[in-house]
Every structure is written in structure tokens, then in C-alpha cells.
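The values are calculated or read from the model by the stated rules, or taken from the named source; none is laboratory data. Being a predicted model, the structure only gives us computed values, none of them experimental. Quick reminder, even Gly has a Cβ in these numbers, built from the backbone with ideal geometry, and neighbours come from all protein chains shown.
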Amino acid sequence: MTATLADHRIARIDSHVLRDHYPRTVGRNARLGSHGAGGSVPVAVVHTDTGATGWGIAAGDLQGTQGLVGRRVDDLLDPAVGTIEPQALPLDFALHDLAGQILGLPVHQLLGGRGETVVPCYDGAIYFDDLDPADAPRGLDAVLANCRADHDLGFRAFKLKIGRGHRWMDADAGLRRDIEVTRAVRAAYPEAEILVDANDGYTGESFLGYLDEVADCGLFWVEEPFQETRADLRRLRAELTRRGSGTLIADGEAAPDVPFLLHLSEEGLLDVLLMDVMSYGISRWRRVMPVLEEVGVRASPHAWGQPLKTLYAAQLAAGLGNVLVVEGVPGHTEGVDGSAYQLLDGMLHVPDAPGFGLPLPATTAPSG
């Protein structure tokens with residue numbers, strides 16, 4: 001196979017739907033109901049006229065990509081910068097995989113190889129399972145059981161969803177439960193990193209009340225504690241500074257206004273930006289990462305929802321550097337062999353296989 005993108009033209013673009021499976025039903029967060037036990041995963045498979053193939057989750061509507069058939073691969077993707085043809089952005093991940101297959105390089109090397117291939121990875125699946133089922137809530141034991149199960153999978157850091165008082169409980173009762181959960185997980189896992197994510201479920205003032213009660217828990221970061229405003233973030237930063245706390249402030253998952261987030265970061269009000277690895281896209285992450293480094297803010301691309309997104313985020317971390325930690329989504333995608341990636345003692349090991357190191361699932365192979 002020729003090791004230059006210019007020698008390959010797009011012969012066919014196929015779409016398929018795979019299925020994710022979590023190891024358990026994942027409950028509510030501050031804003032949304034049950035997240036279920038998995039979901040559908042739309043994927044794109046790109047074939048070239050020389051027999052090369054790349055695949056990945058579709059990063060948008062694939063209908064408009066059929067007009068790319070016949071185009072040279074290097075017209076669509078420049079290995080140095082990512083996808084350069086706007087019409088091809090829904091194929092962002094498939095094209096990076098394809099380029100890696102053609103060039104014989106893992107995606108993290110295409111991205112520059114500026115990070116480590118052993119990446120810290122936290123458990124992002126600790127939701128409000130204490131509140132379910134509605135007719136007989138399982139309480140705190142359900143949260144601790146989930147932590148135990150995910151610790152057995154290799155996780156050594158837990159992100160706890162908080163903000164029960166925003167929608168599901170009386171505000172005072174929800175605050176008490178958030179505190180109880182945080183303290184119980186800290187007691188059960190004294191060596192673990194603990195992150196908390198409120199999905200904007202607090203106000204600036206009420207979140208400071210939560211912090212007062214968990215000050216000795218050594219939180220690694222607080223994520224989207226409230227709808228970001230300069231005034232509230234300044235108060236939060238001042239309070240963390242007063243305490244001498246190393247707790248980081250992370251934001252930018254929900255409908256990110258990236259220029260505004262960068263301004264907040266320049267002002268020292270944010271430490272970690274969280275734009276989603278899929279909806280923001282690997283090519284946009286490639287462009288924005290040098291800006292983040294210049295501003296002095298770290299990255300942790302949001303990956304919740306699909307286990308493959310965790311693997312993509314890990315490749316991005318190993319390739320671009322400046323990624324503090326990767327969000328882990330326990331589970332698997334049906335038909336996908338992800339065994340090249342291993343989670344050991346909280347560290348996700350990223351393979352050196354070409355592309356994303358994920359063989360084409362048999363269910364996406366041509367039928368004839």
C-alpha cells in the first residue's frame with residue numbers, strides 16, 4: 001500500500017449503526033433523567049480506490065459527504081492540521097483513522113506525539129443511582145457499589161455527579177445528599193482523586209456552601225458548578241485561594257462559547273476546558289490546543305456517552321499533549337475490539353497501531 005495520501009481517492013463512504021453497552025444502567029444527573037444502559041452509535045467507513053479503509057464515529061450528518069467520492073484523500077485531510085474540507089468534517093474521525101492506516105502511523109503520531117501514551121483516566125459514570133428506583137431508592141450504597149465495580153475495572157479516580165437539589169430533591173436535602181456522597185466516597189477511597197460535576201445545578205452562592213462541607217475531601221476539580229459568570233467564578237477562585245486549595249475549576253462542556261471560555265481562562269478563572277471530543281471534533285481540537293497552551297489552561301475533552309470517545313480523547317491526549325486527564329466511559333461498543341487499549345491502575349495505555357488501533361468491525365464490512 002502506498003504511503004502517501006495523494007495516491008488514494010475516496011471510492012465509497014458507508015454509514016452504519018453500532019450499539020454501546022454500559023455495565024449497568026446509569027441514572028440521573030442534575031438536569032437529565034436516566035442515561036440508560038447504552039445507545040446507538042452512528043459510524044462512517046471510508047474506502048479508497050486502493051483498498052485502504054478508515055472508520056470512526058460520524059461527527060455529523062453524512063448525507064452531504066457523498067459528493068466527496070472521487071476526491072483525493074489529501075484534498076480532504078492534511079496530516080499536519082486535520083480535516084481541511086468543510087464538507088468532510090462529519091468524517092473527521094474516519095479520515096484520521098484512514099490517514100493513519102495509509103501512512104502506517106497511530107493517530108497520536110499524526111497529531112504530533114507531544115503527549116504521553118499512558119494517560120490518566122477517571123471514571124465518569126457515578127451518577128444519581130442513589131435516587132433509583134423511584135419507588136424504593138437504593139441510597140448511598142448504590143453509589144458506593146458503582147465505585148467498587150468501576151474500581152474493579154481499573155479506575156482509580158471518580159467523578160461524582162452532584163446537584164441533586166436542582167431538580168430531583170428539595171434544595172436543602174439535595175445539598176445534604178451531595179455532601180454525604182462526596183464524604184462517603186472519600187472515606188471509602190482515601191487515595192483516589194475525586195472530581196465533582198454539578199452540570200450547572202448550583203448557584204454561585206449555594207456551591208460555596210457545598211464546598212464548606214467538603215473542604216477536607218481534597219477535590220481534584222469542580223466541573224460546571226454553576227452557569228459560568230465572571231462574578232461567580234471570581235468568588236469561587238477567591239474562596240479556593242483563601243483556603244490554599246489546589247482544586248481546579250473545569251468548564252466548557254455544555255454549548256461552549258470558546259472565545260468567552262478563553263477570556264475567562266486568561267483572567268485565571270478557569271483551569272481546564274472540556275469541549276466535547278466529538279461535537280467539537282479532533283480537527284478543531286488540533287487548532288485550539290496551542291491557544292490553550294498560550295493562555296495557560298489545560299484540556300480534558302468531554303467524552304461521556306460513548307466508550308469510543310474515551311479512546312479518541314486518549315489519542316488526542318497522547319498526540320497533542322496538554323490534556324490533564326481523560327474521561328472514562330465504562331462499557332464497550334458491540335463488535336469493536338478495543339483490547340489494544342488497556343486501563344491499568346487508573347492509567348489508559350494508548351496503542352501504537354496504525355490509525356486509532358481499532359479493527360474495522362465485522363458488521364461494517366461490505367456484504368458483497
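Applying the selection to region 341-357, what residues are in contact with a helix residue (DSSP H, G or I) (Cβ under 7 Å, 6 or more places away or on another chain) and in a loop (DSSP other than H, G, I, E, B)?
The answer is 341, 350, 354, 356.
Restricting the search to region 289-340, which residues are in a loop (DSSP other than H, G, I, E, B) and without any contact (Cβ under 8 Å) to a residue 12 or more places away in the chain?
339
Hey, does region 260-272 have a residue that's touching a strand residue (DSSP E or B) at 6+ places or on another chain (Cβ under 6 Å), surrounded by 24 or more Cβ atoms within 10 Å (Cβ to Cβ) and of a type in the set (A, V, I, L, M)?
Checked region 260-272: at least one residue is touching a strand residue (DSSP E or B) at 6+ places or on another chain (Cβ under 6 Å), surrounded by 24 or more Cβ atoms within 10 Å (Cβ to Cβ) and of a type in the set (A, V, I, L, M).
So, in region 314-331, of the ones that are touching a His at 6+ places or on another chain (Cβ under 6 Å) and under 24 Å from residue 38 (Cβ atoms), which residue ends up surrounded by the fewest Cβ atoms within 10 Å (Cβ to Cβ)?
Checked region 314-331; the qualifying residue surrounded by the fewest Cβ atoms within 10 Å (Cβ to Cβ) is 331.
Looking at residue 111 and the list (1) among the aliphatic types (A, V, I, L, M); (2) in the same structural domain as residue 221 (by TED's automatic domain parsing); (3) more than 23 Å from residue 221 (Cα to Cα), which single condition is not satisfied?
(2)
I'd like the residue in region 80-118 that is more than 21 Å from the chain's Cα centre (by Cα) and closer than 19 Å to residue 50 by Cα and, out of all such residues, is surrounded by the most Cβ atoms within 10 Å (Cβ to Cβ).
Among residues in region 80-118 that are more than 21 Å from the chain's Cα centre (by Cα) and closer than 19 Å to residue 50 by Cα, the one surrounded by the most Cβ atoms within 10 Å (Cβ to Cβ) is 98.
Among what's in region 26-38 and is touching a strand residue (DSSP E or B) at 6+ places or on another chain (Cβ under 6 Å) and on the phi < 0 side of the Ramachandran plot, pick the residue that is surrounded by the fewest Cβ atoms within 10 Å (Cβ to Cβ).
35
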